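Below is one structure, written out as structure tokens; the observations come after it.
No value in this document is a laboratory result; all are computed from the given coordinates. This is a predicted model, so every value here is computed, not measured. All Cβ positions, even for glycine, are placed from backbone atoms using ideal geometry, and neighbour counts span all protein chains on display.
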Amino acid sequence: MKLSVVTPVYNEEEALPAYLDAAVEWDCVSELIFVDGGSTDRTLEMLEGLDVVHSEKGRGAQCRLGAECATGDAIVFVHGDSVVPARSMRAIYQALQSGAQWGSLTLRFTTNTLDRKIGAWAANARVRWTGIPFGDQTVYVTRALYEQVGGVPPVPIMEDYELSRRLKAVCRPKQLREKVYTSPRRFESVGNVRAMVQMRHLRHLYRAGVPVEELARMYGEGRHNHA
């Protein structure tokens with residue numbers, strides 16, 4: 001099986017060193033594609049010599065383009081501010097080899113305070129209870145299933161939520177116990193409780209049919225500074 005990793009990036013110079021240090025150990029990955037949304041910092045300099053494609057800014061558009069460029073039998077979407085240990089990437093590979101169609105890793109935040117532990121617990125419990133992982137939990141999916149559901153929607157917000165909804169309509173995800181360590185920067189910028197309440201409210205509005213452009217405006221500048 002050929003495994004492709006797709007990573008959207010935008011101004012990730014602070015997060016990339018830890019990401020790249022981990023990626024060096026991904027011996028089961030055949031292809032690593034970065035999709036840049038117009039970085040203005042040292043991101044592109046740090047990715048020199050690696051496979052980088054250029055896109056309009058926005059995780060939906062960037063992930064979709066990366067998946068279109070990927071040639072693997074399965075795709076793993078890894079955020080640029082996440083660290084995926086080698087054992088976690090191997091667990092994904094083994095799960096796919098064993099017949100899993102899609103799923104995610106178990107989330108941990110890089111800041112291990114009590115409120116971050118609670119936030120991570122809630123996110124992982126959501127996957128167990130609802131079958132809906134988000135992008136910061138590192139979603140993996142077979143090429144066949146990805147194409148069956150129409151791929152990542154090129155929308156400015158809710159792309160990971162919508163992709164998981166589409167995938168769940170076919171089958172439930174296989175959540176792996178192995179970890180992904182992700183930056184809590186969104187929580188740090190607006191506060192843990194506020195961020196969780198805001199995202200729950202935005203998902204409710206999304207299901208109610210509010211245009212994604214309006215949701216992106218409501219989401220605010222916290223996400224606009226990064227992919």
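Laid out as a table, the results:
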read-out: Net charge contributed by nearby residues that have their C-beta within less than 11 Å of residue 7 (K/R +1, D/E -1); value: -3
read-out: Among 25, 45, 214: highest mean-square fluctuation, GNM of the chain, C-alpha pairs under 10 Å; value: 45
read-out: Cα centre as origin, Lys/Arg/Asp/Glu Cβ charges: the range 99-180 dipole, Debye; value: 360
read-out: Local net charge near residue 70, Cβ-Cβ under 13 Å (Lys/Arg +1, Asp/Glu -1); value: -2
read-out: Rounded, prolate or oblate (a/c below 1.5 giving rounded, otherwise prolate when a/b exceeds b/c) for the range 1-63 by Cα gyration tensor; value: oblate
read-out: Charge tally in the Cβ shell below 11 Å around residue 175, where Lys, Arg are +1 and Asp, Glu are -1, residue 175 excluded; value: +4
read-out: Rounded to the nearest 20 debye, dipole of the chain from Cβ charges on Lys, Arg, Asp, Glu; value: 1420
